[in-house]
Amino acid sequence: MTQSRLNSRPTRRSIIKSAALGSVAAIAAPYVKDSYAAGSLSLGVWDHWVPGANNAFTKLCNEWGAKNNCEVKIDYITSQGEKDKLTAAAEAQAGTGHDIMSHRDWNIQVHQRNLEPLDDVVGQLIKQYGPISPVAEYLAKIKGSWRGVPTAVGSQVKPCCSRIDLYKEHAGIDLMDIFPADESKYDKAKTDTWTWDTYLTSAQKLHKAGFPVGLPMGQTSDAVDWVAALFNSFGAVLVDDKDNIKVNSDETRIALEYLKKLMAVNPPEVYAWDDAGNNRWLISGKGSSIMNPPSAWAVAKRDNLKVAENCWTHAMPKGPKGRFVGQLPQFYGLWAFSKNKPAAKDLLLHMSQKESMAQLVEASIGYDLPSFKSMYDFDTWKKVGPPVGTVFSYPPRGDEQTSMCGAPARADVGAQIYNQAINTVMVSKFTQGNEKLDDVIKWAEKELEGTLRV
């Protein structure tokens, strides 16, 4: 097997031009007829930021390749500069390239016509492991057909990551007691106290003490995702599943009024942060809480150990309509032009087994998140530290539900809502721009009308 990193970024011109183990074997039997029939496969895979994580993926593919006499070639493609998405676009238009390709967020929707249906693979996984994340289904099940297989690699949720010491000292809140590193010890009476009202009160105290929370309010995914989770918890819907614009509601107004208070106790620069801004804020020691995967904690272990030793990842606050956390799954898609679909499906099934997922999660230090709740019992989340158990509550537990900005609108509309960051622009207009609430709602209605016309 060979593996490489794609360092040459395809240009837009070139894209346009190209357009002119054991139990697994039994399950996989329908796909690979015999051990000498597999041939070769090529994969274009998201280049993981955690050192060593790519090696774990390579190992899994090596094992499958050796067993099936199949040469597997892997290109690890960075997401910086959207290089992975540009590569996928080039291959889709050219009708040639890798057999299997990683796809982030809305990319399954973008390339649905060029992707092989994978109902047989996903159907088997659901039989094995039970219900799949509603967000993964929203993004990858199109007109009743699965066009992508959810993977743990690069998939994430964005719950709270907070400083244990600062919350105890300045807000009188023991986060480890509310969200212990053992779900059997969750006490509903305690977790129910972690509400958006509590979050605001504690944020005000932490701001006064000189350690504000850091919540981005730009047009990047970290901002869009946490605001969408808050909107869901307040019952605010922008567009429903029947193309009705619902943004002009009491729920939206209450959410925005709440955010006016919350953003006032954030550092003013949050409106200009990129997706690394909140990480830097926590790692610097200036911040008390962010909403993010464990990446900030992982970097803090290297750059500011004192901060890392006091980090605790835990559930999002609860609102009137429930507790929601933003989720961004990744998927593997099989191009319709692939010459070796049976082998590709067999490999996808192998990579998606619980044993395989456990290895990938371990290699990512708990960052990667499967879309099956039945896989949230991996030891990695219990054992990594410091402090031990710090990321146990990273997978949604208890009453926490996953959320996707744009849902429940049909996915092509949802993609526009997400990519235009309509929710965070609304918040910015009201909280930073001091525009009248009615004017912000009218602006949003006009923008949402545009998403339905496309």
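With every protein chain present, what is the per residue accessible area of the chain (1.4 Å probe, Å²)? Write out the running numbers ahead of the final one.
Details: 18230 Å² over 454 residues.
That works out to 40 Å² per residue.
Under the Karplus relation 6.51 cos²θ - 1.76 cosθ + 1.60, θ = phi - 60°, what is the ordered set of whole-Hz ³J(HN,Hα) values for the range 127-140, x standing for Gly and Pro?
Using θ = phi - 60°, the values come out as 4, 6, 10, x, x, 9, 4, x, 5, 4, 5, 4, 7, 10 Hz.
Whole-Hz ³J(HN,Hα) for each residue in the range 399-406, computed from phi via Karplus 6.51 cos²θ - 1.76 cosθ + 1.60 with θ = phi - 60°, x for glycine and proline: what do you get?
Along the range 399-406, the couplings run 9, 6, 10, 7, 9, 9, 4, x Hz.
Could you tell me the distance between the Cα centroids of the range 115-173 and the range 403-454, to the nearest Å?
Taking the Cα centre of each part, the range 115-173 and the range 403-454 sit 24 Å apart.
Just grab the label-to-label distance for Asn304 and Asp412, each label 7 Å out from Cα along the Cβ direction, in nm (one decimal).
So the two model labels end up 4.6 nm from each other.
Local charge sum around Val388 (other residues, Cβ-Cβ under 12 Å, Lys/Arg +1, Asp/Glu -1)? Write out the running numbers ahead of the final one.
Values: positive: Lys382, Lys383; negative: Asp182, Glu309, Asp379.
That sum, taken over residues with Cβ under 12 Å, equals -1.
When you have a sec, figure out the Kirkwood radius of the range 191-276 from all distinct Cα pair distances and drop it here in Å to one decimal? List each step's numbers first, then the result.
On the way: mean 1/r = 0.0712 Å⁻¹.
When all Cα pairs of the range 191-276 are included, the Kirkwood radius is 14.0 Å.
What distance in nm separates the two pseudo spin-label positions at Asp182 and Asn244, each 7 Å out from Cα along the beta-carbon direction?
Simple spin-label model gives 4.8 nm for this pair.
Work out Dmax and Rg for the range 161-222 from the C-alpha atoms and quote the Rg first, both in angstrom.
Every Cα atom of the range 161-222 included, Rg and Dmax give 13.1, 38 Å.
Could you look at the range 407-454 and say what percent of its accessible area is carbon and sulfur, using a 1.4 Å probe and all protein chains? Before the final figure, lay out each step's value.
Values: 1060 of 2240 Å².
Looking at the range 407-454 in its full context, I get 47 percent from C and S.
How much net charge surrounds Gly322 when only other residues with a Cβ under 15 Å from its Cβ are counted (Lys, Arg +1; Asp, Glu -1)?
My count for the surroundings of Gly322 gives 0.
Would you grab the residues whose amide H sits under 5 Å from the one on Thr78? Only those 5+ places off in sequence or on another chain, please, with H modelled 1.01 Å from N.
Hits under the 5 Å cutoff: Leu6, Asp47.
Looking at the P(r) of the range 130-189, how many percent of alpha-carbon pairs lie beyond 14 Å?
Numbers: 1256 of 1770 pairs.
It works out to 71 percent of all Cα pairs.
Once amide H atoms are placed 1.01 Å from N in the peptide plane, what residues at a sequence separation of 5 or more from Met316, or on another chain, have their amide H within under 5 Å of its amide H?
Cys160
Give me the Debye-computed log₁₀ of I(q)/I(0) at q = 0.15 Å⁻¹ for the range 352-426, equal point scatterers on Cα only, no solvent, two decimals.
-0.68
Please list log₁₀ I(q)/I(0) at q = 0.17, 0.18, 0.20 Å⁻¹ for the range 280-350, using the Debye equation with identical point scatterers on the alpha-carbon positions.
-0.74, -0.76, -0.83
Sort 57-64, 246-253, 443-450 by packing, meaning the average of other beta carbons within 10 Å per residue, with the highest value first.
Details: 57-64: 19.6, 246-253: 17.4, 443-450: 15.8.
Ranking the peptides 57-64, 246-253, 443-450 by packing returns 57-64, 246-253, 443-450.
Cα atoms only: what Rg and Dmax, in Å, come out for the chain?
Considering the chain through its Cα atoms, Rg and Dmax are 22.1, 68 Å.
The values are calculated or read from the model by the stated rules, or taken from the named source; none is laboratory data. In this text, all values refer to a predicted model and were calculated from it rather than measured experimentally. Don't worry about glycine lacking a Cβ; one is built from the backbone with ideal geometry, like all the others, and counts go over all protein chains shown. Protein only, heavy atoms only, side chains kept; ligands, DNA and RNA dropped before computing areas. Shrake-Rupley method; radii C 1.70, N 1.55, O 1.52, S 1.80 Å.
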